[in-house]
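Notes follow the structure.
Values in this text are rule-based calculations from the coordinates and carry no lab data. Predicted, not measured: the structure shown is a model, and the values here were computed from it. Cβ atoms come from the backbone with ideal geometry, glycine included; neighbour counts cover every protein chain shown.
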Amino acid sequence: MVRSARALLTILGFAALAIALSSCDVGGLSPIFPTPVSPNGQGIYNTYIGISVAAFIVFVGVEAALLWVVLRYRRTVQPLGYVPPQVHGHTGLEIGWTLAPLALVLFIAGYSFVELQHDFQPISNEQMLVVVSGHQFGWDYDYGNGVVVHQEGSLTAEVTPFVVPTKTLVKLQFRGTDVIHSWWVPAISGKTDAVPGYDNFSWLKIDKTGRWRGECAELCGSGHASMQIIVQAMDQSDYDAWVSKQKSTSPAVSPSASPSPSQ
Ligand SMILES: [Cu+2]
């Protein structure tokens, strides 16, 4: 009776936790992995799913073995004074349960390492380079053609999007101007640290138009929460129009040739 009450309480507890988690929306990023839109985001997604499946199989196997031993060999079904077979020091078992987890962990390490090399090395076949600088508190995107996007904004304010053309391999070069920040847009790429004095690299290639959210993933000071990120992918023609609009409105690119009207 006590046992079934305990089991019921456990089930109710898990159910409450599941309901609480499913309804929690604090306005941040979704706790569920978004649909990847860049090949590196897809690679990270596949790695995540692959490791999760292996972890789930191990979890179910271990729990099943545990339950089987607990139920099959429980004291009430054994004769009085029963002592189970002793396997302490069994060489085969010792080697088996050392090597199997080791092999699994080494496989996960190797698989992840290859994926990370693919995502965070400076590529050389890019069609476009953008230098992304993190500062307290915002991001600057330097396109190298005079266009610089300043991105600052909180969850409640409008965030200026970092605009990229679709179907274009964009190399991203990250740097920090004060402290360490981390550029993270889950649907596009993994977290990439923007470090003062040291450049990190990633890339993106988005085939469809749309907007994706991200945020700074490294606690960098009191305005950390305002380092929201929006990446917007536009068709090439829309992108070209956007670039010329930026150039015409940016004082750094086209300084006014006419004298100032005010003296
Ligand atoms: Cu930051």
Percent antiparallel among DSSP beta bridges (both partners in the range 128-249, rounded to 5): 70 percent
Under-5 Å amide H pairs with VAL179, H placed in peptide plane, nonlocal only: GLN136
Fully extended contour minus Cα-Cα distance, from ALA5 to TYR48, at 0.36 nm per residue: 11.8 nm
Lys, Arg +1 and Asp, Glu -1 on Cβ, resulting dipole of the chain about Cα centre, debye, nearest 20: 1080 debye
Lysine pair count for the range 128-249 [Cα-Cα under 20 Å; pairs on different chains or 8 or more apart]: 6
Rounded to 10°, Cα long-axis angle of helix 91-120 versus longest principal axis of the chain: 10 degrees
The chain - mean residue ellipticity at 222 nm from DSSP helices (-39,500 (n - 2.57) per run, n ≥ 4, rounded to 500): -13500 deg cm²/dmol
Protection proxy ranking of 160-169, 103-112 - average other beta-carbon atoms within 10 Å, highest first: 160-169, 103-112
Viscosity 1.306 mPa s, temperature 10 °C, Stokes-Einstein D of the chain from Kirkwood C-alpha radius, µm²/s: 69 µm²/s
For the range 39-76 and the range 167-240, distance of Cα centres in Å: 34 Å
Degrees separating the helix 39-72 axis from the principal Cα axis of the chain, which is the longest one: 10 degrees
Considering only the chain, percent of DSSP beta bridges that pair antiparallel, nearest 5: 70 percent
Relative contact order, percent, the chain [alpha-carbon distance under 8 Å, six or more residues apart]: 19 percent
Long-range Cα-Cα pairs in the range 128-249 (distance over 16 Å), rounded percent: 58 percent
Sequence-separation-based contact order of the range 128-249, relative, with Cα cut under 8 Å and 6+ spacing, percent: 29 percent
Neighbour net charge for GLY43 - beta-carbon separation under 11 angstrom, K R +1, D E -1: -2
Distance (nanometres) between label positions extended 7 Å along Cα→Cβ at SER154 and ALA109: 4.4 nm
